[in-house]
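Notes to accompany the following structure.
Here, each number is a calculation from the coordinates, and none is a lab measurement. Only a predicted model underlies this, so the values are computations on that prediction, with no experimental measurement involved. When we count neighbours, we look across all protein chains shown, and the Cβ atoms used for this are built from the backbone with ideal geometry, even at glycine.
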Amino acid sequence: MNYKKLDGKMVKYEKRKECPNVTTFYKEGTTRDRIPLKASKPDGYVRFLPRSVDGKIKTYSNDSYRTKSSTKFTPGDALGDWKQGGSKMGAYHYTIKMPNGKFYDIKGKKDMKKHIIPYLLKCEEFKKQYKGEFKTHETLFNKTIELYNSLCQ
């Protein structure tokens, strides 16, 4: 891990064991947090992902960081036999961090029904103003959490 301190000095860690246990850092205009790779295994592998939504409740997604397969051969295709792009490669992680520090998988129906929705509905102001359904589509759900964060402190 390499980084530049505010005074301009470069810091470099070459061995994993030497690295400090960083939980949050700011890089290229985004805040990135250390979150578990799998919400159900908070003590397992971790990833550093940018915050999609910041506030009392935070959301994280790695969708923009998943690479697309580079080329695809499709004989006889109207656009030619070789095409750039293809499907996204790697696992998609869409995670929420609740105020108590616990992580949940937003796409997990069980987590949504058992933990996330009941927590959101405890806030009376949010309950009065939010008239939509609780969808796990990333853009829509992030707007829901932004509304919650603006109404409920």
What nm distance separates the two modelled labels at Phe134 and Glu18, each placed 7 Å from Cα along Cα→Cβ?
4.7
What does the charge dipole of the stretch 108-153 about its Cα centre add up to, to the nearest 20 debye, if the Cβ of each Lys and Arg holds +1 and the Cβ of each Asp and Glu holds -1?
240
Given points 7 Å out from each Cα along the Cα-Cβ axis, report the Thr30 to Lys4 separation in nanometres with one decimal.
2.0
Taking the Cβ of Leu151 as the center, what net charge do the other residues with Cβ under 15 Å away carry, scoring Lys and Arg +1 and Asp and Glu -1?
+3
